[in-house]
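Notes follow once the structure below has been shown.
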Amino acid sequence: MNILLFGPPGAGKGTQSALLKERLNMLHISTGDLFRANIKGQTELGLKAKAIIDRGDLVPDEITIGMVEQEFQKMSGQSFILDGFPRTVAQAEALDRLLATNNMDLGKAIFMDVSHDYLVKRLTGRRVCSDCGATFHVDAMPPKKEGVCDNCGGELKQRKDDHESVISTRLKAYEENTLPVLEYYKEAGKYVEVDGLGETEDVYKRIAAELA
Ligand code: AMP
């Protein structure tokens with residue numbers, strides 16, 4: 001089943017997508033990761049997106065949709081998780097067109113529900129490996145050695161957009177642009193809500209149950 005995982009920044013979409021990828025062999029498409037790879041590689045797209053992402057705003061729809069279209073061209077029948085896309089109603093409509101063109105279907109739009117207070121704590125404490133992208137948290141999931149990735153020994157860094165000053169802009173962008181996407185999938189009969197609070201494994205079980 002193809003799914004999308006959505007929810008506010010800090011809901012745990014990336015963590016859960018990584019587990020679904022590993023355990024159910026699903027393809028993980030994260031627009032945030034794609035943008036960060038483009039920024040790291042200093043591509044034209046990355047250069048356009050960097051300042052926007054660093055200040056916590058959404059990258060314009062036409063750039064984001066174009067990037068996702070390219071990812072669809074690389075697909076080969078594996079079930080996928082869309083993580084962080086669509087974030088606007090225009091993107092949701094574009095996704096429907098893209099699915100239809102490619103003879104694909106979306107099974108469920110899974111919303112990870114996490115209350116506002118937890119989001120800020122999760123985001124400010126998040127640390128990401130600059131080499132392999134693995135995610136840790138200073139309190140909830142600390143690495144064995146401070147600042148060093150358990151998986152590959154890479155340096156752990158705080159994302160620029162996880163600084164407190166940027167988080168409020170990201171949450172506002174979410175409320176204004178992404179909350180209407182919820183209604184879009186409710187109307188389409190694809191919407192499912194999962195409690196995103198608690199242990200990673202417990203949240204995983206809730207999501208996996210939706211895929212059974
Ligand atoms: P994420 O890693 O999903 O939190 O995304 C990080 C940042 O990338 C967001 O704050 C946006 O600036 C940008 N971004 C990711 N996905 C999208 C999207 N679907 N539409 C617009 N901007 C996006």
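The values are calculated or read from the model by the stated rules, or taken from the named source; none is laboratory data. This structure is a prediction, so every number in the text was calculated from the model and none was measured. Glycine gets a Cβ as well: all are built from the backbone with ideal geometry, and neighbour counts include every protein chain shown. When the accessible area is computed, the model is the full protein with side chains, heavy atoms only, and any ligands, DNA or RNA have been set aside. Shrake-Rupley method; radii C 1.70, N 1.55, O 1.52, S 1.80 Å.
Hey, does region 152-160 have a residue that's open to solvent by 60 Å² or more (accessible area, probe 1.4 Å), more than 13 Å from the ligand (Cβ to nearest atom), at pLDDT 95 or above and among the hydrophobic types (A, V, I, L, M, F, W, C)? Yes, region 152-160 has at least one match.
With respect to (1) among the basic types (Lys, Arg); (2) surrounded by 16 or more Cβ atoms within 10 Å (Cβ to Cβ); (3) modelled with pLDDT under 95, the lone exception for Lys172 is condition (2). It is to be established whether one or more residues within region 15-26 are among the hydroxyl-bearing types (Ser, Thr, Tyr) and surrounded by 17 or more Cβ atoms within 10 Å (Cβ to Cβ). Checked region 15-26: at least one residue is among the hydroxyl-bearing types (Ser, Thr, Tyr) and surrounded by 17 or more Cβ atoms within 10 Å (Cβ to Cβ). Considering Thr31, Thr15, the condition of being touching a residue at least 40 places away in the same chain (Cβ under 8 Å) and away from the ligand (no atom under 11 Å from the Cβ) is satisfied by Thr15 alone.
Among the residues of region 77-98, write down those that are over 15 Å from the mean Cα position of the chain (by Cα) and within 13 Å of Ile29 (Cβ to Cβ). Residues satisfying the conditions are Gln78, Ser79, Leu95, Leu98.
From the list Glu193, Glu146, the one residue that fits, being more than 19 Å from Ser115 (Cβ to Cβ) and not β-branched (Val, Ile, Thr), is Glu146. Selection over region 193-208 of residues that are open to solvent by less than 70 Å² (accessible area, probe 1.4 Å) and either modelled with pLDDT under 95 or not in a strand (DSSP E or B) (or both) gives a count of 9.
Scanning region 34-60 for residues that are at positive phi and within 12 Å of the ligand (Cβ to nearest atom) yields one hit, Gly56.
Matching residues to (1) farther than 17 Å from Tyr204 by Cα; (2) charged (D, E, K, R); (3) buried (at least 20 other Cβ atoms within 10 Å of the Cβ):
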| residue | (1), (2), (3) |
| --- | --- |
| Ile52 | yes, no, no |
| Asp83 | no, yes, yes |
| Val89 | yes, no, no |
| Glu93 | yes, yes, no |
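Among the residues of region 136-149, those that are open to solvent by 60 Å² or more (accessible area, probe 1.4 Å) and of a type outside the set (Asp, Glu) comprise Val138, Ala140, Met141, Pro142, Lys144, Lys145. Filtering region 14-34 to residues that are of a type in the set (Gly, Ala, Ser) and either assigned to a loop (DSSP other than H, G, I, E, B) or closer than 20 Å to Thr200 by Cα (or both) leaves Gly14, Ser17, Ala18, Ser30. Applying the criterion of being outside any helix (DSSP H, G or I) and modelled with pLDDT under 95 to the residues of region 58-78, the residue that is surrounded by the most Cβ atoms within 10 Å (Cβ to Cβ) is Met75. Just one of the listed residues (Met112, Met1) is surrounded by fewer than 20 Cβ atoms within 10 Å (Cβ to Cβ), more than 10 Å from the ligand (Cβ to nearest atom) and touching a residue at least 40 places away in the same chain (Cβ under 8 Å), and it is Met1.
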